[in-house]
Amino acid sequence: MPRDQFAVCDHGGLPVAIVERKVGGGPLTSRPRGGRRDCLARQLAEFLTELHTFPVPEARSLGLTSAPVAVDARQHLDLAHSILTDKVRWWLDQEISWLERQDLPLAVVHRDFRAEHLYVDANGDLVDVIDFGDTTIDDPALDFAKIAGDFGDPFLDLLLAYYRGPADQALLARAQLYRRLDTLWEVAEDAWGDRSSALRRLRSLAAAATRPGTRSESVSARRAMATRS
């Protein structure tokens, strides 16, 4: 996390740069294995537990605001409208509409918790988490959405086993939903310069979700999430 920050100001007193202590270690570039896998899952769980239990009123008093994912997702759907098929648009509208109706838990979340933002030392131990620019008050399930994509579902299960916040099938299902909506963001913003691949993934997800007689990930997620209420 950022430490020892100070601003560099111009002659008028306006900040032109923020200087922080150099981050130790280096970004995590490969999936941990063996004992390192278990250790990293425990360390990430401890970090997320501390982050998610930070008092929300105190966070608000420090200026942190809420930025509901459903609002962003609806904007992304509008942006990508012209390049999506009717089936994909309908499916995404159903996903977002479901999310808009939920009374979600709130916590301080990193919101872009992924491998490239995790710094480890030579032994593979977590030494820093970077890029808090998207930090907001929102559903804690957001911070588990990208972990499965980077490390695989078994690693996510291990992390959740060590996580000391509320962790049930509802949280896991919402994390899966946010992971799908992240693909919509890739399409809408052409985030990684490979919109065609993201479009193909969206079409595959929509096809699985709307195929008659199959229990798709989306349907399973909504059923699991429904048990929460």
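What residue, among those in the range 56-109 that are in contact with a strand residue (DSSP E or B) (Cβ under 8 Å, 6 or more places away or on another chain) and of a type in the set (Val, Ile, Thr), is surrounded by the fewest Cβ atoms within 10 Å (Cβ to Cβ)?
The residue in question is Thr65.
Can you list residue pairs whose Cβ atoms sit under 9 Å apart, with the first residue in the range 181-198 being under 21 Å from Val71 (Cβ atoms) and in contact (Cβ under 8 Å) with a residue 12 or more places away in the chain and the second being buried (at least 18 other Cβ atoms within 10 Å of the Cβ) and of a type in the set (Ser, Thr, Tyr)? Count only pairs 6 or more apart in sequence or on different chains.
Hits for this filter: Ala198/Thr183.
Only one of these conditions is not met by Pro212: (1) under 16 Å from the mean Cα position of the chain (by Cα); (2) free of Cβ contacts under 8 Å to residues at least 60 places away in the same chain; (3) not in a helix (DSSP H, G or I). Which number is it?
Of (1) under 16 Å from the mean Cα position of the chain (by Cα); (2) free of Cβ contacts under 8 Å to residues at least 60 places away in the same chain; (3) not in a helix (DSSP H, G or I), only one is false for Pro212: (1).
Take the range 85-117 and flag every residue that is polar (S, T, N, Q) and farther than 13 Å from Ala73 by Cβ.
Selection gives Thr85 alone.
Name every residue in the range 84-123 that is more than 16 Å from Leu181 (Cα to Cα) and of a type in the set (A, V, I, L, M, F, W, C), in order of residue number.
Across the range 84-123, the qualifying residues are Leu104, Leu106, Ala107, Val108, Val109, Ala115, Leu118, Val120, Ala122.
Quick check, is Ala67 at pLDDT 90 or above, under 18 Å from the mean Cα position of the chain (by Cα) and not aromatic (Phe, Trp, Tyr)?
Here the answer is no, as Ala67 does not meet what is asked.
Within the range 67-89, which residues are hydrophobic (A, V, I, L, M, F, W, C) and either touching a residue at least 60 places away in the same chain (Cβ under 8 Å) or not in a helix (DSSP H, G or I) (or both)?
Ala67, Val69, Ala73, Leu77, Leu79, Ala80, Ile83, Leu84, Val88
Looking only at the range 149-161, decide whether some residue is closer than 22 Å to Val56 by Cβ, acidic (Asp, Glu) and in contact (Cβ under 8 Å) with a residue 24 or more places away in the chain.
no
Sort through Phe47, Phe113, Phe54 and tell me the only one that's closer than 15 Å to Asp134 by Cα, modelled with pLDDT of 95 or more and out of contact with any Pro (no Cβ under 7 Å at 6 or more places or on another chain).
Phe113
The values are calculated or read from the model by the stated rules, or taken from the named source; none is laboratory data. Quick caveat: nothing in here was measured; it's all calculated off a predicted structure. With ideal geometry, Cβ positions are generated from the backbone for all residues, glycine too; neighbour counts draw on all protein chains shown.
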